[in-house]
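The values are calculated or read from the model by the stated rules, or taken from the named source; none is laboratory data. Bear in mind the structure is a predicted one, so any value in this text is a computation, not a measurement. Cβ placement follows ideal geometry from the backbone for every residue including glycine, while neighbour counts extend to all protein chains displayed.
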Amino acid sequence: MPGTGLWRTKSIEQSIADTDEPGSKLRRNLSAWDLTVFGVAVVIGAGIFTLTARTAGDFAGPSTSLAFVFAAIACALAALCYAEFASTVPVAGSAYTFSYATFGEFMAWIIGWDLILELAVGAAAVSKGWSAYLQTVLGYIFGEGTKTTFDIGSVTVDWGALILVTGLSTLLVIGTKLSSRFSMVITGIKVAVVLFVIVLGFFYIKGANYTPFIPPGEAAGSTHSGVEQSLFSLIAGGASSSFGVFGLLAGASLVFFAFIGFDIVATTAEETRNPQKSVPRGIFGSLAIVTVLYVAVSLVVVGMVNYKDLATSAGDGSKKTLATAFSANGVDWAANIISVGALAGLTTVVMVLMLGQVRVIYAMSRDGLMPTALSKTSSRGTPKKATMIVGGLVAVAATFFPADKLEEMVNVGTLFAFVLVSAGVLVLRRTRPDLPRAFKVPWVPLIPILAIIACLWLMLNLTVLTWLRFVVWMILGVVIYFVYSRRNSLLGKRNRGELPAQAQRE
């Protein structure tokens, strides 16, 4: 087995062999279409319904569409690297599994811990948003004042988020294929709503709202200055990251949250009938669809209202969304339709984020880095225990805790994963040139290097406070690895001869 200690790697052959382990085998029943649906289901959600307006009002102004393009380019470069890895190593766990085969166990643990930050925190945050939209929709039906929260002493209980997470956890336990069919129906609804926004909103566009396309930067002391400004603007001596070039770059790093999800397609590779072909198609198909929709929606929204009216601090202090642009133009009935579409949209986002989280924990527990009981599958071929635990943790977080600032926390974790996957392609090309690759990244090493640079660039444009929180989370992960995971690693036990002979499969 190559490597020892922290840098011991798990061979590709061993990773693939582990997928046939009795009692922890996933059912292969997903197609390329199913994967594309999963990708679109998770990507079209919180980003397009809420983040578009916030980015325009607080960071980039009319140039928000350009911010989406910048983020999409970084995602496309990383997607090429994900596609090669996923078609070469069709195993659950995505970036975690890829890192185990290239950088070794310690880095694999770090990236797995990082993905927990991305997926679990993201699911909890979006669940809170779903509950807020549910409250709006219930207000249409039962009148204003209807709430999805209640207070017990000083604690606010969000029963809307609790109902959502509980229902989706049950659906994921029943089976991934059923989850895919449910996603297909809901995704069809929200794509129709997005197209409705684009078509109807086009008739309310005012050319004057596109000027200035990149608003002048704000001075020091504004909302996004100090630890709240991007790390790059702080290093470069910028006064703030509100508007101007620094604002545009910060906006690109923020809207990157809207693209998070296509990498989850890679986590389902082990449950796909023909992963070598289906996974790359699912990744590229979902990314292409959502990029076109995002750019079109952002152009329509900033054309309908002045970007200043979309600022977080604009007037009434309410949260600005796509519906805000229609309400500002007196089209309240359309705003109501958008709210219902957002409710449907956020449902599938939470479900697929939880699906990805479960598969990462499943892969880590199968390697012994987390309790191995979490890798056991039910008669339906799903990791029932892992699903119930993830569902419980997300439910607690979404029900009892506020979700402020979580988008950026999710972004920094995901970008870090993208950097490692892109670098992993370079490493695996050198260490295992003999592996069959159904999909190959073109122009190696140029494309992976560009992907690394693009992702690091976006990371630099996240806030200083986000970086501080990320470092604390990573330190906690390192502690857990040395206290528990290193001693219980099945790969380590194999190397030390502590497993029965039949378990030492190579």
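Kindly indicate whether residue 257 is touching a Cys at 6+ places or on another chain (Cβ under 7 Å), modelled with pLDDT under 85 and not polar (S, T, N, Q).
Criteria not met by residue 257.
Conditions (1) of a type outside the set (Val, Ile, Thr); (2) part of a helix (DSSP H, G or I); (3) at pLDDT 90 or above; (4) touching a strand residue (DSSP E or B) at 6+ places or on another chain (Cβ under 9 Å), marked per residue:
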{"site": "181", "(1), (2), (3), (4)": "yes, yes, no, no"}
{"site": "185", "(1), (2), (3), (4)": "no, yes, no, no"}
{"site": "188", "(1), (2), (3), (4)": "yes, yes, no, no"}
{"site": "200", "(1), (2), (3), (4)": "yes, yes, yes, no"}
{"site": "204", "(1), (2), (3), (4)": "yes, no, yes, no"}
{"site": "212", "(1), (2), (3), (4)": "yes, no, yes, no"}
{"site": "220", "(1), (2), (3), (4)": "yes, no, no, no"}
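A quick yes/no check of all residues on (1) hydrophobic (A, V, I, L, M, F, W, C); (2) closer than 19 Å to residue 391 by Cα; (3) modelled with pLDDT of 85 or more:
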| residue | (1), (2), (3) |
| --- | --- |
| 131 | no, yes, yes |
| 139 | no, no, no |
| 144 | no, no, no |
| 152 | yes, no, yes |
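Quick one: is residue 113 under 18 Å from the mean Cα position of the chain (by Cα), more than 30 Å from residue 423 (Cα to Cα) and of a type in the set (Phe, Trp, Tyr)? Show your work before the answer.
On the way: under 18 Å from the mean Cα position of the chain (by Cα): yes; more than 30 Å from residue 423 (Cα to Cα): no; of a type in the set (Phe, Trp, Tyr): yes.
For residue 113, the condition - under 18 Å from the mean Cα position of the chain (by Cα), more than 30 Å from residue 423 (Cα to Cα) and of a type in the set (Phe, Trp, Tyr) - is not met.
Please verify whether segment 40-56 includes one or more residues that are surrounded by fewer than 24 Cβ atoms within 10 Å (Cβ to Cβ) and at pLDDT 90 or above.
No; the residues of segment 40-56 include none that is surrounded by fewer than 24 Cβ atoms within 10 Å (Cβ to Cβ) and at pLDDT 90 or above.
Mind listing whichever residues of segment 90-107 are touching a strand residue (DSSP E or B) at 6+ places or on another chain (Cβ under 8 Å) and either under 21 Å from residue 482 (Cα atoms) or modelled with pLDDT of 85 or more (or both)? Please lay out each step first, then the result.
Keep residues of segment 90-107 that are touching a strand residue (DSSP E or B) at 6+ places or on another chain (Cβ under 8 Å), which gives 90.
Scanning segment 90-107 gives no hits.
For segment 99-147, enumerate the residues that are among the basic types (Lys, Arg) and part of a helix (DSSP H, G or I). Break it down stepwise before answering.
Let us first name the residues in segment 99-147 that are among the basic types (Lys, Arg), namely 128, 147.
The answer is 128, and nothing else.
Identify all residues within segment 130-139 that are in contact (Cβ under 8 Å) with a residue 40 or more places away in the chain and either surrounded by fewer than 20 Cβ atoms within 10 Å (Cβ to Cβ) or polar (S, T, N, Q) (or both); write none if there are none.
Scanning segment 130-139 gives 131, 136, 137.
Considering only segment 148-166, how many residues are part of a strand (DSSP E or B) and within 21 Å of residue 347 (Cα to Cα)?
Matching residues across segment 148-166 total 3.
Determine which member of the set 86, 101, 78 is within 28 Å of residue 447 (Cα to Cα), touching a residue at least 60 places away in the same chain (Cβ under 8 Å), aliphatic (A, V, I, L, M) and touching a Cys at 6+ places or on another chain (Cβ under 8 Å). Reasoning before the result, please.
Numbers: 86 fails: touching a Cys at 6+ places or on another chain (Cβ under 8 Å); 101 fails: touching a Cys at 6+ places or on another chain (Cβ under 8 Å).
Exactly one of 86, 101, 78 is within 28 Å of residue 447 (Cα to Cα), touching a residue at least 60 places away in the same chain (Cβ under 8 Å), aliphatic (A, V, I, L, M) and touching a Cys at 6+ places or on another chain (Cβ under 8 Å), namely 78.
If only one of 468, 456, 476, 450 is modelled with pLDDT under 90, in a helix (DSSP H, G or I) and more than 22 Å from residue 373 (Cα to Cα), which one is it? Working first, answer last.
Values: 456 fails: modelled with pLDDT under 90; 476 fails: modelled with pLDDT under 90; 450 fails: modelled with pLDDT under 90.
Sole residue among the options that is modelled with pLDDT under 90, in a helix (DSSP H, G or I) and more than 22 Å from residue 373 (Cα to Cα): 468.
Can you find even one residue in segment 484-492 that is loosely packed, with under 15 Cβ neighbours inside 10 Å, more than 18 Å from residue 105 (Cβ to Cβ) and of a type outside the set (D, E, K, R)?
Taking every residue of segment 484-492 in turn, none turns out to be loosely packed, with under 15 Cβ neighbours inside 10 Å, more than 18 Å from residue 105 (Cβ to Cβ) and of a type outside the set (D, E, K, R).
Starting from segment 322-344, take each residue that is farther than 15 Å from residue 193 by Cα and list its partners that are outside any helix (DSSP H, G or I) and of a type in the set (Val, Ile, Thr), counting only C-beta distances under 6 angstrom and pairs at least six apart or across chains.
Pairs that qualify, where the first residue is farther than 15 Å from residue 193 by Cα and the partner is outside any helix (DSSP H, G or I) and of a type in the set (Val, Ile, Thr), are 328/305.
Just give me the residues in segment 271-326 being under 22 Å from the mean Cα position of the chain (by Cα), of a type in the set (Ser, Thr, Tyr) and either assigned to a helix (DSSP H, G or I) or modelled with pLDDT of 75 or more (or both), in sequence order.
In the first step, residues of segment 271-326 are kept if they are under 22 Å from the mean Cα position of the chain (by Cα); the result is 271-272, 275, 278-298, 319-322.
With the extra rule that they be of a type in the set (Ser, Thr, Tyr), the set shrinks to 272, 278, 286, 291, 294, 298, 321.
Listed by number, the residues that qualify are 278, 286, 291, 294, 298.
How many residues, within segment 115-138, are of a type outside the set (Ser, Thr, Tyr) and touching a Ser or Thr at 6+ places or on another chain (Cβ under 8 Å)?
Final tally of qualifying residues: 9.
Please tell me if residue 412 is touching a Ser or Thr at 6+ places or on another chain (Cβ under 9 Å), of a type in the set (Val, Ile, Thr) and part of a helix (DSSP H, G or I).
yes
This table checks each residue for (1) crowded, with 16+ Cβ neighbours inside 10 Å; (2) at negative phi; (3) out of contact with any Asp or Glu (no Cβ under 9 Å at 6 or more places or on another chain).
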{"residue": "121", "(1), (2), (3)": "yes, yes, yes"}
{"residue": "128", "(1), (2), (3)": "yes, yes, no"}
{"residue": "141", "(1), (2), (3)": "no, yes, yes"}
{"residue": "146", "(1), (2), (3)": "no, yes, yes"}
{"residue": "154", "(1), (2), (3)": "no, yes, yes"}
{"residue": "159", "(1), (2), (3)": "no, yes, yes"}
{"residue": "162", "(1), (2), (3)": "yes, yes, yes"}
{"residue": "167", "(1), (2), (3)": "no, yes, yes"}
{"residue": "171", "(1), (2), (3)": "yes, yes, yes"}
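Which one of the conditions (1) of a type in the set (D, E, K, R); (2) assigned to a helix (DSSP H, G or I); (3) surrounded by 15 or more Cβ atoms within 10 Å (Cβ to Cβ) does residue 430 fail to meet, given that it meets all the rest?
Of everything listed in (1) of a type in the set (D, E, K, R); (2) assigned to a helix (DSSP H, G or I); (3) surrounded by 15 or more Cβ atoms within 10 Å (Cβ to Cβ), residue 430 misses just condition (3).
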